Amino acid sequence: MRTQVGIVGAGPAGLTLAHLLHVMGIESVILEHRSRDYIEHRVRAGVLEHAIAELLVDAGAGDRLRREGIVHHGIELQFAGERHRIPLSELADGRTIVIYGQTEVVKDLVALRLDAGLPLLFEVSDVSVDALESERPIVRYTHDGEAQVLECDVIAGCDGFHGICRPSIPTTVLREFSREYDFGWLGILAAVAPSNDELVYAHHERGFALLSLRSPELSRLYIQCRPDEDLDGWPDERVWEELQIRLGLDGWTLAEGRVLEKGVTGMRSYVAEPMRHGRLFLAGDAAHIVPPTGAKGLNLALHDVQVLADALGAWYRTGSQALLDAYSTECLRRVWRAEHFSWWMTSMLHRADADGDFGLRLQLSQLRYVTTSHAAATSLAENYVGLERV
Ligand SMILES: Cc1cc2nc3c(=O)[nH]c(=O)nc-3n(C[C@H](O)[C@H](O)[C@H](O)COP(=O)(O)OP(=O)(O)OC[C@H]3O[C@@H](n4cnc5c(N)ncnc54)[C@H](O)[C@@H]3O)c2cc1C
């Protein structure tokens with residue numbers, strides 16, 4: 001089989017790239033090792049930056065997003081028993097965030113792809129990439145029990161952090177930068193209307209908590225936990241009890257509901273440089289990971305593929321490789337900005353035992369500064385809704 005762009009992975013990055021290319025008349029084949037049902041129900045991110053929601057709408061992939069996405073104009077920071085609103089839109093030139101689950105983004109893009117009869121293969125195995133430094137890179141894979149070879153002009157490695165594309169780049173070429181955190185998030189999805197109109201990021205001596213949502217009927221809530229926390233020790237009642245303590249305020253109660261999903265997510269900051277090797281281009285989690293506190297993972301993945309789609313479009317139209325050559329540098333500027341912001345939000349809000357009471361006092365001072373200084377709040381707001389230029 002032959003195509004112009006071979007895409008490994010049908011997460012948000014791979015699916016969006018395929019769609020943007022299709023709009024420009026460029027062919028692609030997506031290879032995904034999970035089933036359709038699995039990827040459509042993998043609960044992950046849910047906050048879209050202003051520009052990313054616009055990207056999906058402008059590309060014709062945002063009909064349901066426009067109808068069902070919930071536009072938020074602010075977030076709240078809670079510490080020392082009080083809540084303080086950061087008016088995002090007021091501080092960031094009217095830009096907003098849109099609450100729309102990653103599962104819904106994936107469902108919309110899969111439906112568009114399959115309805116158009118375009119190639120998206122699920123449950124492929126034994127995927128490997130080869131001849132990356134030639135003009136005919138190939139993807140090998142097995143589908144329906146048969147070994148196949150896909151010849152491409154370029155390969156997009158959109159296969160997430162545990163994929164095979166990044167490890168296919170020689171270690172002499174790739175530089176890795178990372179930071180581990182000694183905590184993670186225990187998250188639940190609950191069938192209950194969100195108890196607050198906006199997201200609440202809560203700093204608490206017992207650890208961080210986040211009140212978020214996926215829809216008017218679905219709440220998404222997190223508490224800081226150990227990275228290897230055993231879920232057996234966390235029956236639903238205990239999760240709600242802890243959430244009530246960390247998010248609780250005088251005169252306000254968190255509404256509880258049936259827990260539909262529960263999981264532990266570790267936290268990591270990670271960047272691989274460069275994001276290109278020969279004709280292989282990495283995008284999204286395949287190249288970088290951020291802790292979820294800044295709500296940047298999904299957004300960064302989509303920024304990457306927007307840059308890649310523009311570069312491929314220019315190459316096919318004019319033969320010029322200039323934008324492809326600039327791809328890695330262009331993406332890494334935004335990646336590192338998001339890495340810093342995500343690390344900063346994480347450090348300000350999580351209990352870090354190693355930092356002791358000194359660290360706690362610094363966090364409270366920083367939170368007071370962010371909620372009382374126009375300049376500091378503006379900095380948080382423009383990073384949160386997504387910077388226009390980096
Ligand atoms: C548990 C969890 C919770 C998260 N929560 C948040 C959050 O609250 N907020 C936030 O902003 N971000 C969150 N993130 C991050 C966000 O979901 C990711 O940044 C986003 O999914 C990146 O999209 P992607 O397409 O680059 O990668 P992925 O979504 O990981 O997609 C990669 C795809 O490639 C497929 N694949 C992997 N290996 C192969 C292979 N060998 N062959 C073929 N296909 C392959 C995978 O099955 C997957 O479908 C979370 C991530 C995780 C893991």
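So here's what we get for this one:
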{"quantity": "Total residues in the range 256-287, condition open to solvent by 10 Å² or more (accessible area, probe 1.4 Å), under 18 Å from R179 (Cα atoms) and either within 8 Å of the ligand (Cβ to nearest atom) or of a type in the set (K, R) (or both)", "calculated": "3"}
{"quantity": "Qualifying residue in the range 207-217 (condition: in a loop (DSSP other than H, G, I, E, B), open to solvent by 30 Å² or more (accessible area, probe 1.4 Å) and more than 30 Å from A354 (Cα to Cα))", "calculated": "yes"}
{"quantity": "Selection from the range 14-50 of residues that are open to solvent by 40 Å² or more (accessible area, probe 1.4 Å), more than 9 Å from the ligand (Cβ to nearest atom) and farther than 18 Å from E104 by Cβ", "calculated": "H22, V23, M24, G25, E27"}
{"quantity": "Contacts under 7 angstrom Cβ, first residue in the range 217-246 being among the basic types (K, R), partner more than 16 Å from the ligand (Cβ to nearest atom) and part of a loop (DSSP other than H, G, I, E, B), 6 or more apart", "calculated": "R246/H204; R246/R206; R246/G207"}
{"quantity": "Where a residue in the range 39-52 is farther than 12 Å from L300 by Cα and its partner, wherever it lies, is near the ligand (Cβ under 6 Å from one of its atoms), with Cβ under 6 Å and at least six apart", "calculated": "I39/A10; R44/Q102"}
{"quantity": "Residue within the range 312-332 that is out of contact with any Pro (no Cβ under 7 Å at 6 or more places or on another chain) and within 14 Å of the ligand (Cβ to nearest atom) present", "calculated": "yes"}
{"quantity": "Subset of the range 51-88 [buried (at least 20 other Cβ atoms within 10 Å of the Cβ), more than 13 Å from the ligand (Cβ to nearest atom) and more than 21 Å from R368 (Cα to Cα)]", "calculated": "A53, L55, L56, A61, G62, G69"}
{"quantity": "Members of the range 129-166 that are under 30 Å from V43 (Cα atoms) and surrounded by fewer than 11 Cβ atoms within 10 Å (Cβ to Cβ)", "calculated": "D144, G145, H162"}
{"quantity": "Qualifying residue in the range 92-115 (condition: basic (K, R), open to solvent by 50 Å² or more (accessible area, probe 1.4 Å) and either without any contact (Cβ under 8 Å) to a residue 12 or more places away in the chain or in a strand (DSSP E or B) (or both))", "calculated": "no"}
{"quantity": "Filtered residue count, the range 160-178, keeping only those that are within 16 Å of the ligand (Cβ to nearest atom) and either under 22 Å from the mean Cα position of the chain (by Cα) or in a loop (DSSP other than H, G, I, E, B) (or both)", "calculated": "10"}
{"quantity": "The range 82-111: number of residues that are more than 21 Å from the chain's Cα centre (by Cα) and within 20 Å of V5 (Cβ to Cβ)", "calculated": "0"}
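This table checks each residue for (1) in contact with a Phe, Trp or Tyr (Cβ under 7 Å, 6 or more places away or on another chain); (2) over 22 Å from M267 (Cα atoms).
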residue	(1), (2)
M345	no, no
H350	yes, no
T372	no, yes
A376	yes, yes
A381	no, yes
L387	no, yes
V390	no, yes
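The values are calculated or read from the model by the stated rules, or taken from the named source; none is laboratory data. This one's a predicted model, so the numbers in the text were calculated from it and none came from an experiment. So basically every Cβ, Gly included, is an ideal-geometry build from the backbone, and we count neighbours across all protein chains shown. Calculation scope for accessible area: heavy atoms of the full protein, side chains included, ligands and nucleic acids excluded. Shrake-Rupley method; radii C 1.70, N 1.55, O 1.52, S 1.80 Å.
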